[in-house]
Amino acid sequence: MNARYLLAMTAWFERMDPGTHRRIKGLRLVTAYGLAAAIGALHDVTRDVPASVSVGSLAATFALWASVSEARATRPESSRDLAVLCLAAACGAFSLAWLGPWFDGLGRSGAEFILVSGAFFAGYAKRFGVTGAGIGSQFYIGQVAAYVMKLAPMDTWAIVVALLIAMLAAIGPRLLSGRAEHPVVLPALASQPVYGKQAVSPAFAMGLQAASGALAVALLNAAFALAESAWAITACVYVVATSAVGTADRVRRRIYGTLVGVPIGIICLPLAEHAPLLVWSMAAIAMIVYAMALPDRYDIACGAFAFALIVTLAASGVHSIPLLAARAWETLLGGAIGWLCARLVFPLRSVPPRDAR
């Protein structure tokens, strides 16, 4: 029976990634994350950093998502992009750490208003191609990481150390993978986004849509005290696509994936206490599946990431089911808000190739 399941899983992997290059990228994500976390846990590396800051977690976040966004074919180009992407994440963390105290007077959601700027940049930077899209995404991710970890100006050195560790952890595995990976091409932006008779650039419209959703969630948090509002904002940012129809499709797929991945992760919660090594192994496999599915099967990618997030949080000591469930339903809330913003804020329409000239 076990052999049959193993054969079925192997066959599924082959269908998802017949060329193995996405599996290699998935292995690189896991390696970069683990390497950054391990280096960041060394006392000699972090002895001058405030004890309240987990440099390993911050560096692992930078390295993981830089590896996700990087999409070049050669080692020199990839290494350059990974360094730039890690730097973009650090800049995002710096922006929130330094500006956060200025917004604390606005209440519990004060710092979230800073995330609105990162949300806009994540959407607008797509006009500069795959590297630009990655830089915008990394800037926002850096802000979210700093927000979740409650970083302040005194943690500046911790961000610098995390940046250096992340660069090392992200570039090293890419140098070893060589030409086994294939570059990714972003879909073309719509050429004629129109709202009434007023035309705006597609990238600017996407930035406004993401920022509007982020602002709406921040205001909801101020009014109703959402438990995990940062996840709702993140959902708003990453469901925005190059057209309103594309955004609706991404929202639908994200909902499907979240509704499958989160319950499975919650079912596996007992393993986090009794078999943490198994849980981390399952999370690593889930991230490999995430890398394989992301270009073509956004629903599977979202489900794999949701599962990995739940089980790693549980392995790290977070066992509150209401808190873990809040990350699920608030992600769905953010996706719905993102869809509304895509329909109402300078909606984009797909343009056939013959009209895009």
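The values are calculated or read from the model by the stated rules, or taken from the named source; none is laboratory data. Fair warning: this is a prediction, and the values are worked out from it, not measured in the lab. Ideal geometry is used to build each Cβ from the backbone, glycine not excepted, and the neighbour counts take in all protein chains shown.
Numerical summary
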quantity: Residue in the stretch 51-73 that is in the same structural domain as ALA145 (by TED's automatic domain parsing), touching a Ser or Thr at 6+ places or on another chain (Cβ under 8 Å) and aromatic (Phe, Trp, Tyr) present; calculated: yes
quantity: Whichever residue in the stretch 344-354 is in contact with a helix residue (DSSP H, G or I) (Cβ under 9 Å, 6 or more places away or on another chain) and more than 9 Å from GLN209 (Cβ to Cβ) and, among such residues, is modelled with the lowest pLDDT; calculated: SER350
quantity: Some residue of the stretch 269-277 being at pLDDT 80 or above, charged (D, E, K, R) and in a helix (DSSP H, G or I); calculated: no
quantity: Residue in the stretch 95-117 that is within 30 Å of SER177 (Cβ to Cβ) and either touching a residue at least 40 places away in the same chain (Cβ under 8 Å) or surrounded by 22 or more Cβ atoms within 10 Å (Cβ to Cβ) (or both) present; calculated: no
quantity: Residue that is modelled with the lowest pLDDT [pool: residues in the stretch 98-132 that are aliphatic (A, V, I, L, M) and under 21 Å from ALA222 (Cβ atoms)]; calculated: LEU106
quantity: Test set (1) within 24 Å of the chain's Cα centre (by Cα); (2) surrounded by 15 or more Cβ atoms within 10 Å (Cβ to Cβ) - ALA73 fails condition number; calculated: (2)
quantity: Extreme residue, farthest from the chain's Cα centre (by Cα), among residues of the stretch 295-349 that are among the polar types (S, T, N, Q) and surrounded by fewer than 17 Cβ atoms within 10 Å (Cβ to Cβ); calculated: SER320
quantity: Matching residues, the stretch 215-247, being surrounded by fewer than 17 Cβ atoms within 10 Å (Cβ to Cβ) and in a helix (DSSP H, G or I); calculated: LEU219, ALA223, PHE224, VAL245
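Listed here are the residues, each with its yes/no results for (1) within 14 Å of the chain's Cα centre (by Cα); (2) assigned by TED's automatic domain parsing to the domain that holds GLU70; (3) more than 18 Å from PRO50 (Cβ to Cβ); (4) not in a helix (DSSP H, G or I).
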| position | (1), (2), (3), (4) |
| --- | --- |
| VAL116 | no, yes, yes, no |
| ALA119 | yes, yes, yes, no |
| GLY123 | yes, yes, yes, no |
| GLN138 | yes, yes, yes, no |
| VAL144 | yes, yes, yes, no |
| LEU151 | no, yes, no, yes |
| ASP155 | no, yes, no, no |
| ALA158 | no, yes, no, no |
